[in-house]
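Written out below as structure tokens is the structure these notes cover.
The values are calculated or read from the model by the stated rules, or taken from the named source; none is laboratory data. Remember, it's a predicted structure, so these values are computed and weren't measured experimentally. Cβ atoms come from the backbone with ideal geometry, glycine included; neighbour counts cover every protein chain shown. SASA here: full protein model, heavy atoms, side chains in, ligands and nucleic acids out. Shrake-Rupley method; radii C 1.70, N 1.55, O 1.52, S 1.80 Å.
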Amino acid sequence: MTHMHVAGSIHADATSPAPHWLTKPGDVNALAEGLWSSGVSRRSDGEIEIAGLSVEEIARQIGTPAYVIDEADFRARAREWKAAFAGWEVYYAGKSFLCTGVARWVAEEGLNLDVCSAGELTVALRADVDPARIGLHGNNKSEAELRMALEVGVGRIIVDSSDEISRLERLGAELGTVAQVLIRVTTGVEAHTHEYIATAHEDQKFGFSINGGAALVAMVRTHHSPYLDLRGIHSHIGSQIFDTNGFEVAARRTLKLFAQFKEATGLELAELDLGGGFGIAYTKADTPATAGELASGLLEIVLHECRGFGLAVPRVSIEPGRSISGPPGTALYRVGTVKAVEIGGGLSRRYISVDGGMSDNIRPALYAAEYSATLANRTSDAPPVLSRVVGLHCEGGDILVRDEFLPSDVRPGDLIAVPAAGAYSRSMASNYNHTPRPPVVAVLDGRLTTLLRRETLDDLLALDAGA
Ligand SMILES: *Cc1c(COP(=O)(O)O)cnc(C)c1O
């Protein structure tokens with residue numbers, strides 16, 4: 001899970017409203033490099049198009065706010081990760097964004113799929129994803145979820161606790177099944193963005209810790225169980241990681257555990273999963289490594305550590321989520337109000353309110369995550385001014401883009417586009433303030449397909465028993 005630094009980012013610094021990483025653009029109409037999906041461009045008339053459809057045309061067809069996925073870009077990223085990590089298994093982390101259509105794309109591009117609830121598993125099965133290619137995660141899987149996974153024959157269950165081992169043994173005896181499992185371990189590495197901490201970051205809910213021996217005990221127990229087939233171990237060190245440093249320590253610690261298990265049982269485990277968390281660019285300040293760079297780095301690390309411990313190289317897998325689903329997604333909002341707010345020191349901040357907010361993207365409020373934005377329906381010759389794009393919710397922290405330079409003439413009726421919005425936005429959406437959740441559409445070659453329709457007030461009222 002992500003834990004970004006929040007300190008200092010909630011309150012504006014009245015003396016320097018622009019954060020250090022954000023500089024005034026020479027051309028406020030230019031689309032910053034590296035942030036937008038490959039199908040996004042500005043037409044000669046100034047309007048932005050996504051995969052051949054103008055943003056106003058998309059808004060005409062489905063309204064705003066809306067999440068628009070550039071299907072070709074999504075598929076290309078899935079292929080890129082699979083090709084870069086050829087010889088390894090790539091599991092798309094469905095929690096970043098999943099619907100039937102996307103599960104189908106992922107399967108068609110030859111990737112496997114990670115789910116972490118009965119709900120996500122149901123979507124995957126509805127998309128006819130081969131259960132053998134599905135992994136089930138979760139630190140508190142219910143008996144019903146485990147039963148469902150065993151009955152449909154998911155390829156692997158990533159076991160997170162002793163209680164879960166007991167639950168799987170009970171179910172195995174009842175159903176006559178043998179669960180294929182990986183044991184999730186905590187390596188003591190926590191990575192996010194530019195830094196990783198490899199000391200004592202074990203105070204969290206996931207997995208068995210290596211320090212203190214809980215992981216090895218769970219592995220030996222699983223190995224001796226007739227109802228569980230221990231395939232290997234799993235480690236996930238964090239999210240929005242830009243380099244391989246954290247993975248190097250995690251690989252060393254997990255493979256050391258392989259060696260200890262071999263010493264205890266005489267057996268070498270077949271599989272190692274290094275998790276996901278590969279970072280993407282949300283702003284110009286983000287410079288993530290490419291899939292190719294990460295692949296060659298991780299491969300070298302694994303080979304090196306296996307040599308060091310005298311182990312055969314296991315089958316390795318990774319679980320990218322946001323690096324596949326994030327960049328292809330663009331959020332589209334309609335501007336409703338624009339106001340200048342005095343923030344002291346003779347300075348004012350420009351607040352641009354749009355028709356979505358924290359109900360469709362909680363990440364800025366939850367992690368102080370930064371985003372970028374552009375005026376999407378037209379270009380402007382007006383000077384760029386530092387602006388804050390906020391939502392319509394009854395909450396001061398309802399911020400979508402904390403700091404961005406936008407033209408000074410942005411006005412009600414304009415469209416704002418936010419890049420890199422495909423991951424952990426719609427998938428974490430809520431109905432706060434009884435706001436219907438926005439649709440997700442795919443655009444391919446100028447054709448729009450609805451993946452998830454817009455929620456309606458009737459959808460919301462249907463849950464209200466009226467009692
Ligand atoms: C969230 C998660 C991922 C995917 O993380 P991304 O940052 O989207 O790549 C992969 N594996 C596990 C176990 C996770 O919890």
One residue from ASP445, ASP409 being modelled with pLDDT of 95 or more and on the phi > 0 side of the Ramachandran plot: ASP445
Let me confirm something: among ARG334, ARG349, which residue is modelled with pLDDT under 95, part of a strand (DSSP E or B) and basic (Lys, Arg)? ARG349
May I ask you to say which residue of PRO438, PRO419 is buried (at least 21 other Cβ atoms within 10 Å of the Cβ) and in contact with a Pro (Cβ under 6 Å, 6 or more places away or on another chain)? PRO438
Among (1) assigned by TED's automatic domain parsing to the domain that holds VAL341; (2) away from the ligand (no atom under 16 Å from the Cβ); (3) at negative phi, where does ALA467 come up short? (1)
Counting just the residues of the stretch 320-367 that are within 25 Å of the chain's Cα centre (by Cα), over 22 Å from SER37 (Cα atoms) and among the hydroxyl-bearing types (Ser, Thr, Tyr), which one comes out most open to solvent (accessible area, probe 1.4 Å)? TYR367
Pairs with Cβ under 6 Å, 6+ apart, first in the stretch 319-331 and within 8 Å of the ligand (Cβ to nearest atom) and among the hydroxyl-bearing types (Ser, Thr, Tyr), second assigned to a loop (DSSP other than H, G, I, E, B) and modelled with pLDDT of 95 or more: SER323/ILE280; SER325/PHE97; SER325/GLY422; SER325/ALA423
Tell me which residues, restricted to the stretch 115-142, are within 15 Å of the ligand (Cβ to nearest atom), open to solvent by 10 Å² or more (accessible area, probe 1.4 Å) and of a type outside the set (Ser, Thr, Tyr). CYS116, GLU120, HIS137, GLY138, ASN139, ASN140
Any strands (runs of 3 or more DSSP E) falling wholly within the stretch 146-232 and containing at least 3 residues that are buried (at least 18 other Cβ atoms within 10 Å of the Cβ) and in contact (Cβ under 8 Å) with a residue 12 or more places away in the chain: 156-159, 179-186, 190-193
Taking the stretch 31-70 only, how many residues are within 17 Å of the chain's Cα centre (by Cα) and open to solvent by 20 Å² or more (accessible area, probe 1.4 Å)? 1
For the stretch 119-145, how many residues meet the condition of being touching a residue at least 24 places away in the same chain (Cβ under 8 Å) and on the phi > 0 side of the Ramachandran plot? 1
Residue within the stretch 250-260 that is open to solvent by 10 Å² or more (accessible area, probe 1.4 Å) and in a strand (DSSP E or B) present: no
If I ask for residues that are closer than 25 Å to ILE58 by Cβ and surrounded by 18 or more Cβ atoms within 10 Å (Cβ to Cβ), which ones from the stretch 394-415 would you list? ASP398, ILE399, LEU400, VAL401, GLU404, PHE405, LEU406, PRO407, VAL410, ASP414, LEU415
Taking the stretch 261-283 on its own, how many of its residues are within 16 Å of the ligand (Cβ to nearest atom), touching a residue at least 60 places away in the same chain (Cβ under 8 Å), in a loop (DSSP other than H, G, I, E, B) and on the phi < 0 side of the Ramachandran plot? 5
